[in-house]
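In what follows, a single structure is set out as structure tokens and then discussed.
The numbers here are math on the coordinates, done by the rules we state, and not lab data. Bear in mind the structure is a predicted one, so any value in this text is a computation, not a measurement. Positions of Cβ are backbone-derived with ideal geometry, glycine not excepted, and every protein chain shown enters the neighbour counts.
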Amino acid sequence: MDRTKSSLVQIQPPTYGNIITILSIDGGGIRGIIPATILAYLESQLQELDGEDARLADYFDVMAGTSTGGLVTAMLTAPDKNNRPLYAAKDIKTFYLEHSPKIFPQKRGICGKIRNVLKSLTGPKYNGKYLHRLIREKLGDTLLHDTLTTVVIPTFDIKHLQPTIFSSYEAKNYPCLDARLSDICISTSAAPTYLPAHHFKNEDKQGKVREFNLIDGGVAANNPALLAISQVTNQVFDENADFFPVKAMDYGRFLVISIGTGSSKIEHKYNAKMAAKWGILGWLLHGGSTPLVDVFTQASADMVDFHISVVFQALHSEDNYLRIQDDTLTGTDASVDVATKENLEKLVKVGEGLLKKPVSTVNLGTGLSVPVENGGTNGEALKKFAKLLSDERRVRELKSPSINTGSK
């Protein structure tokens, strides 16, 4: 098989390979442009190995995303008319640059700031109409089961006060979860105070109807990496033939790339003296931000990173887990909705700068990222992971009966 050309078949099951491959993308509003920049680099490395038609969906068993990460996941896995990914990774950055200012229109000046505050007190800061129209236009009637690889996108049901996980695996057992990708993306992006909650109904082939009342998946899992691993583990427990002979807790067989959207841990925006004086309004709105939303999304992401880091270290599988995150954002860089041209371009540079930064791991004492000794840069690590992904795909294609018999 020619190494320079992609075979353009969907990734074969892990049964025929050595590892289970997972890509996870955090939530973070316009900061989704950071992982978009990083993913473009990863896809370019895969294309150097396997040809210009190579796409991320060709290499990952599971792609998981929350909020803005859920939208990126859908765009990278939804099929076009040729049954290839709707977007190449390099196109995601352009998507953010073009559409973010219309999704989050900026009101300038003192009067604009006052209107923003008043708007936040009486309803969502943004009406979401442009975003909803855009998502429906791009994704159409594509259903969850139509994606080119398994996807996992968390949301939160505000009516039942529990997470609703839209997973390709779960959709097979619970057809009512096989909803339109557009509804799923609108739901997982509905960040409290920023965008309106989303209500829709979905009917399966047997006529059973399920009603959804959903908000941002960041309430449940702003970093969905552990959720993706759990979904695979459930398949192993259920003896899904795609994962034979993987063992349920065999984390050494996982290859996980988890990409954050940045945070502002170095320059803290809040402190105990400030928070001690807050009532409901203070927790919902302070200094143009929403402390409660910031707290639960960051806590959710960090707890996942803590857990995965410890497990992979304990099993001496650190080389199979790559977390790329910038915790040094300051000012408007850390905002989820300041969609000015200047700020968006700065975020692109943050993503490009992350590629040159050293591979890091979380310090369990401080919660801050610290460089891994002799770990190289994130860009170098992604190049290494691209080779592992390419080799794994090739192993599966050589062993898969469906490939060797010429069927697809």
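For region 120-195, take N as its residue count and report Rg(C-alpha) divided by 2.2 N^0.38 Å. The partial results should precede the final answer.
Values: Rg = 13.5 Å, N = 76, 2.2 N^0.38 = 11.4 Å.
Against the empirical 2.2 N^0.38 Å value, I get 1.18 for region 120-195.
So what is the relative contact order for the chain, in percent, with contacts set as C-alpha pairs under 8 Å and at least six apart? Working shown, then result.
Working: 773 pairs, mean separation 93.1, N = 408.
Answer for the chain is 23 percent.
Work out the P(r) tail for region 1-95: percent of alpha carbon pairs separated by more than 20 Å, whole number. List each step's numbers first, then the result.
Values: 1563 of 4465 pairs.
Taking all Cα-Cα pairs of region 1-95, the fraction more than 20 Å apart is 35 percent.
Could you pull out every residue, at least 5 positions away or on a different chain, whose amide H is within less than 5 Å of the one on residue 25? Hs are placed 1.01 Å off N in the peptide plane, and Pro or chain starts have none.
64, 65, 66, 259
Going through region 168-246, which GluC sites (Glu not before Pro) have at most 13 other Cβ atoms within 10 Å and a DSSP loop state? Walk me through the numbers before you get to the answer.
Values: sites: 170, 203, 211, 239; in loops: 239.
Those satisfying the criteria are 239.
Based on the Kirkwood radius over alpha-carbon pairs, what value in µm²/s does the Stokes-Einstein equation return for the translational diffusion coefficient of region 182-241 at 25 °C and 0.890 mPa s?
Numbers: Rh = 13.6 Å.
Taking Rh from Cα pairs, D becomes 181 µm²/s.
Convert each backbone phi in region 279-284 into a coupling constant with the Karplus relation 6.51 cos²θ - 1.76 cosθ + 1.60 (shift: θ = phi - 60°), then list the ³J(HN,Hα) values in order as whole Hz, x for Gly and Pro.
Karplus-based 3J(HN,Hα) across region 279-284 equals x, 4, 5, x, 5, 8 Hz.
Between residue 166 and residues 5 or more places away or on another chain, which pairs have amide H atoms under 5 Å apart, with H built 1.01 Å from N, and which residues are they?
Long-range HN contacts for residue 166: 153, 155.
When the expected Rg is taken as 2.2 N^0.38 Å, what fraction or multiple of it is the alpha-carbon Rg of the chain?
Values: Rg = 20.7 Å, N = 408, 2.2 N^0.38 = 21.6 Å.
Cα Rg divided by the expected 2.2 N^0.38 Å: 0.96.
In angstroms, what radius of gyration and Dmax does region 59-216 have, counting Cα atoms only?
16.4, 55
Which ³J(HN,Hα) values, rounded to whole Hz and listed in residue order, are derived for region 381-391 from phi using the Karplus coefficients 6.51, -1.76 and 1.60 in 6.51 cos²θ - 1.76 cosθ + 1.60 with θ = phi - 60°, glycine and proline given as x?
Running phi through 6.51 cos²θ - 1.76 cosθ + 1.60 with θ = phi - 60° gives 5, 5, 5, 5, 5, 4, 5, 5, 5, 5, 5 Hz.
Quick one: which of 89-100, 135-146 comes out on top by average Cβ neighbours within 10 Å, and what's the full order, highest first? Don't skip to the end; give the middle numbers.
Numbers: 89-100: 18.5, 135-146: 17.0.
The densest-packed peptide leads the list: 89-100, 135-146.
Can you give the log10 of the normalised intensity I(q)/I(0) at q = 0.13, 0.22, 0.29 Å⁻¹, computed with Debye over equal Cα scatterers of region 22-77?
-0.30, -0.81, -1.19
Take the residue pairs 102/383; 349/383; 172/201; 356/387; 102/208; 107/138 and return only those whose Cα atoms are more than 29 Å apart.
Details: 102/383 35 Å; 349/383 19 Å; 172/201 18 Å; 356/387 19 Å; 102/208 37 Å; 107/138 27 Å.
Listed pairs above 29 Å: 102/383; 102/208.
So how do 14-23, 348-357 stack up, highest first, on mean other-Cβ count within 10 Å? Numbers along the way, then the final one.
Values: 14-23: 21.3, 348-357: 17.0.
Top to bottom by mean Cβ count within 10 Å: 14-23, 348-357.
Express in nm, to one decimal, how much length is gained between residue 129 and residue 391 on full extension, taking 0.36 nm for each residue of separation and deducting their alpha carbon distance.
On the way: separation 262, 0.36 × 262 = 94.32 nm, distance 4.34 nm.
Residue separation times 0.36 nm, minus the Cα-Cα distance, leaves 90.0 nm.
How big is region 330-405 by the Kirkwood estimate over distinct Cα pairs, in Å? All intermediate terms of the calculation are to be shown ahead of the outcome.
On the way: mean 1/r = 0.0634 Å⁻¹.
Computed over region 330-405, the radius equals 15.8 Å.
Show log10 I(q)/I(0) for region 194-323 at q = 0.09, 0.14 Å⁻¹, two decimals, from a solvent-free Debye sum over equal Cα scatterers.
Once normalised to I(0) and log-transformed, intensities are -0.43, -0.88.
Over region 283-380, what lengths in whole Å, largest first, do the semi-axes of the equivalent ellipsoid take, defined as the square roots of 5 times the eigenvalues of the alpha-carbon gyration tensor?
Values: eigenvalues 148, 74, 17 Å².
In descending order the semi-axes read 27, 19, 9 Å.
Using a/c under 1.5 as the rounded threshold, could you call region 273-335 rounded, prolate or oblate? The axes a ≥ b ≥ c are square roots of the C-alpha gyration tensor eigenvalues, and prolate needs a/b larger than b/c, oblate otherwise. Before the final figure, lay out each step's value.
On the way: a/c = 4.06, a/b = 2.29, b/c = 1.77.
Since a/c reaches 1.5 and a/b is larger than b/c, the shape of region 273-335 is classed as prolate.
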